[in-house]
Amino acid sequence: MKGNRAFEEIYDHVKNLEIIDTHEHLPAFESLREKNTDILKEYLTHYFNCDLISAGLSQSDYERVIDSDYPLMDRWSLVEPYWEAAGNTGYARALNISVRELYGIESISRDTIEQLNGKFMKSLEPGHFRLVLKEKSKIKVSLLHDIPKENERIIFTSNLKCDEEFFRSVYPVDACIFPQSAEDIERIEKEYGKKICCIDDWLEACEVLLDNALQNGAVALKSALAYVRTLLYKRVTNNEAEEDFNDIFRNRHMRTYMQQAFTVGSRFQDYMMHFVLRLANRKNLAIQFHTGLQEGNGNIVYNSDPSLLSNLFLEYPDVKFDLFHMGYPYQHVVSALAKNFPNVYIDMCWAHIISPHASINALMEWIDTVPVNKISAFGGDYLFIDAVVGHQYMARKNVSSALAKKVEEDVFDTERAKKIAGQLFYENPCTIFSLEDTFH
Ligand SMILES: [Zn+2]
């Protein structure tokens, strides 16, 4: 794209835009940032480590690579061949751009890793969040899905509090829909303040929790259940759901003798998704849905085909469905869905680093098929702060690239391209999540 006039003009505008970030998993306050870390441990928390494992790094070697008690160069030697093999993926590029933008180092390599680590360790001082999110990334706010600590799957809604300079919270509804252990249920009971004795209590508890979440500042709901089940949520009767729910009580007396993991039947899960959407309908909330590729090394990708949600789109026409990750690799399916349904929106969070190429092509396709007020261009989707810089940089480049190609095709001029960029990066997410009211 270098030297292309339309691209240069559009990118010149886009690189300075203030943007909304539709999705992050960062610590809710900078003070909560993990301090016992170093560059390899932090940068390989997620995403790029999966490319390394995909390239052949064993799980046990990976664990050594992220163990900051071992010498840095030994760990680098262990990971180097896989880093080299995966070095051109979107994940790798995001990290290289980040170290360039934040630390002035061209890329991560054997020659730079030690110097880089020194600079990284200094970034653990307060003020780094402001540098990354505001100065370098020009992010107005990020919608935050805080992942609970200590492998707890449920967030107490009081924990939705976050630093409002940077974040607005979203409320994950998955534990209401698919509790997976006795502990999940106990945590819900604890917040509800009463024991749950039947399915009606459960429904009431979920509504109370959702109201608490809204009071604690949540601006939208989120579901990531495509990691563990299909996105097809059938309509089932109260009786069918209750039958599945009652299984929870079958072994409750055993609780004091043994740990219990259990699966509540799918009819209950289906019922609960419909129940949550009824609440979203009543309370006028948008819901963010994980669709497409699951993070990690191995899952069932067809469980997360976004077209499986079609019955929900039809049955809850006043609920806004924000489809994450452009549904990759179902970005063409997402195109058809967003074209068809007034209540379906495309969210490119995570997408620009999963595949920069697919992101550009998909956006070009959507410009031809989908009204431009239905697309949000960026969500960092990172657990650690530094890589947000690289991701937003790539997003700005990709969007500019797609728009410039449309200018070349004579679909519109550069002025219109710049206007669309503003919609994709700011106005659309602002409207979809009613964020304007939260800016004070
Ligand atoms: Zn995420």
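The values are calculated or read from the model by the stated rules, or taken from the named source; none is laboratory data. All of these numbers come straight from a predicted model, not from anything done at the bench. Cβ: placed from backbone, ideal geometry, glycine included. Neighbour counts: every protein chain shown. Surface areas here come from the heavy atoms of the whole protein model, side chains and all, with no ligands, DNA or RNA. Shrake-Rupley method; radii C 1.70, N 1.55, O 1.52, S 1.80 Å.
Odds and ends about this structure:
- Taking the 1.4 Å solvent-accessible surface of segment 329-384 as the whole, the part contributed by carbon and sulfur is 59%.
- Segment ASP318-SER434, length gained on full extension (0.36 nm per residue, minus Cα span): 40.3 nm
- Over the chain, equivalent-ellipsoid semi-axes from the Cα gyration tensor in Å: 36, 28, 20
- Degrees separating the helix 266-283 axis from the principal Cα axis of the chain, which is the longest one: 70 degrees
- Compared with the dominant Cα axis of the chain, that is its longest principal axis, helix 90-103 is turned about 60°.
- In the chain, a dipole from Cβ-located charges (positive for Lys and Arg, negative for Asp and Glu) runs towards its positive end, and of ALA92, LEU143, ILE248 it is LEU143 whose Cα lies farthest in that direction.
- At an R0 of 60 angstrom, the distance between the Cβ atoms of THR237 and GLU114 translates into a FRET efficiency of 0.45.
- Crossing angle, helix 238-250 versus the chain [Cα axis fit, 0-90 degrees, rounded to tens]: 90 degrees
- Applying 1/(1 + (r/R0)^6) with r as the Cβ-Cβ distance of GLU409 and LYS15 and R0 = 25 angstrom yields a FRET efficiency of 0.65.
- Where GluC sites (Glu not before Pro) fall in DSSP loop in segment 404-440, at most 15 other Cβ within 10 Å: GLU409
- Alpha-carbon gyration tensor eigenvalues x 5, square-rooted, for segment 391-440, Å: 25, 13, 7
- Dipole check for the chain: with +1 at the C-beta of Lys and Arg, -1 at the C-beta of Asp and Glu, and the Cα centre as origin, the magnitude is about 440 Debye.
- Considering only LEU57, LEU32, LEU116, the Gaussian network model of the chain with Cα springs below 10 Å gives its largest mean-square fluctuation to LEU32.
- Multiplying the residue separation of ASN281 and ASN4 by 0.36 nm and subtracting their alpha-carbon distance yields 95.1 nm.
- Column: log10 I(q)/I(0), Debye, Cα scatterers of segment 213-339, q = 0.18 Å⁻¹: -1.06
- Once both labels are positioned 7 Å from their Cα atoms along Cα-to-Cβ, the gap between ILE147 and ASP74 label points is 2.7 nm.
- Counting only Cα atoms, the size of segment 1-47 along its three principal axes is 46, 23, 16 Å, in decreasing order.
- Theoretical ellipticity at 222 nm over the chain - DSSP helices of four or more residues, -39500 (n - 2.57) apiece, nearest 500: -13500 deg cm²/dmol
- Each Cα pair under 8 Å and six or more residues apart adds its sequence gap; the mean of these over the residue count of segment 61-114 is a relative contact order of 27 percent.
- In plain terms, the chain from ASP61 to GLU165 could stretch by 33.6 nm, reckoned as 0.36 nm per residue minus the Cα-Cα distance.
- Here the Gaussian network model covers the chain, with springs between Cα atoms less than 10 Å apart; of GLY193, GLY90, GLY390, GLY193 fluctuates the most.
- Average projection area in nm² (convex hull over Cα atoms of segment 291-432, one quarter of hull surface): 8.5 nm²
- Averaging 1/r over every pair of different alpha carbons in segment 329-397 and inverting the result gives a Kirkwood radius of 12.4 Å.
- For segment 212-344, lysine pairs with C-alpha atoms less than 15 angstrom apart, excluding pairs fewer than eight positions apart on the same chain, total 4.
- Convex hull volume of segment 1-95 per residue (C-alpha atoms, cubic angstrom): 153 Å³
- Modelled this way, with points 7 Å down the Cα-to-C-beta line, the labels at HIS46 and GLU365 are 2.5 nm from one another.
- Average projected area [Cα convex hull, segment 114-253], square nanometres: 12.0 nm²
- Accessible surface, segment 157-226, averaged per residue in Å² (probe 1.4 Å): 34 Å²
- Sequence-separation-based contact order of the chain, relative, with Cα cut under 8 Å and 6+ spacing, percent: 22 percent
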